[in-house]
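For reference, the structure is listed below as structure tokens.
The values are calculated or read from the model by the stated rules, or taken from the named source; none is laboratory data. Note that the structure is a prediction, hence the values are computed from the model and not measured. All Cβ positions, glycine included, derive from the backbone under ideal geometry; neighbour counts span all protein chains shown. Note: areas computed on protein heavy atoms with side chains; ligands, DNA, RNA excluded. Shrake-Rupley method; radii C 1.70, N 1.55, O 1.52, S 1.80 Å.
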Amino acid sequence: SMGEMLGNIAHQWRQPLNNINLLLHFIRDNFSNFTKDDLHESVASAKLQIDYMSQTIDDFRNFYQPTKDRKLFDVKESLIQSSKIVATSFEQNGVDLEIIGDAANIDSFENEFEQVVVNILNNAVDAAIIKKQNEKFKPKVQMNVVKKDKIYVYISNNCGTIESNVLERMFEPYFTTKFENQGTGIGLYMAKVIIEKNMKGKIEASNTKDGVEFTIILWG
């Protein structure tokens, strides 16, 4: 459990650390043209990344403890908050993001849900980078909330499909197609544990015409 927790923190920290690095280089290269507002915006963006990293430690330190704080939250608002974490990475890699759908309240674990969403969004960026090496295209990610008898969250992208044998195993612990220095392979496994064990929901993935769609089902 300790190994999984530390591995997941390392995995989740890679992208915000990269985002902070990009922000520092952006400040260095554009400082002479910065307005006061530009500087404040860059500092605020870096602070958001650091706050997320700090929250990651707190979330996963308590991950296996039986008592956690539930709260009533709007799933769509959580998607918006999650998108802010990866905004710099999306912008740097030219990935468009659209968030649509219904407001949908649920009494559950908001921080852990946002961890899942951020992980899926980071994976979409990784896929976009790989696809861009082989063809010219405009990466897009859409998150859609549909409230019916249950709450359905669809996170889809056009960043390439996944081979069927990989698709079948992608939620298994330590299964990864990335090089060792790019991830531990436990991100999607932890996402499945969060959604299905902690939140009593369901998560699955399927190929679309030109990408992958994750479906998260929650009992609101």
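Here are some notes:
- Meets criteria (open to solvent by 30 Å² or more (accessible area, probe 1.4 Å) and modelled with pLDDT of 90 or more) for ASP102: yes
- Per-region count, region 145-157, residues closer than 12 Å to VAL117 by Cα and either open to solvent by 30 Å² or more (accessible area, probe 1.4 Å) or out of contact with any strand residue (DSSP E or B) (no Cβ under 6 Å at 6 or more places or on another chain) (or both): 1
- Single condition TYR52 does not satisfy, out of (1) closer than 30 Å to PHE175 by Cα; (2) open to solvent by 30 Å² or more (accessible area, probe 1.4 Å); (3) not acidic (Asp, Glu): (2)
- Close pairs (6 angstrom Cβ cut-off, 6 or more residues apart or separate chains): within 15 Å of SER206 (Cα to Cα) in region 165-177, open to solvent by less than 60 Å² (accessible area, probe 1.4 Å) and modelled with pLDDT under 85 anywhere: ARG169/PHE175
- Residues in region 141-163 that are out of contact with any helix residue (DSSP H, G or I) (no Cβ under 9 Å at 6 or more places or on another chain) and either charged (D, E, K, R) or free of Cβ contacts under 8 Å to residues at least 12 places away in the same chain (or both): LYS148, ASP149, LYS150, GLU163.
- For beta carbons closer than 7 Å, sequence separation of 6+ or different chains, a first residue in region 12-35 that is more than 27 Å from SER82 (Cβ to Cβ) and a second that is hydrophobic (A, V, I, L, M, F, W, C) and at pLDDT 90 or above, there are no qualifying pairs.
- Considering region 179-195, the residues that are open to solvent by 60 Å² or more (accessible area, probe 1.4 Å) and of a type outside the set (Phe, Trp, Tyr) include one that is modelled with the highest pLDDT, namely LYS192.
- Residue in region 27-38 that is more than 28 Å from GLU213 (Cα to Cα), surrounded by 13 or more Cβ atoms within 10 Å (Cβ to Cβ) and not aliphatic (A, V, I, L, M) present: yes
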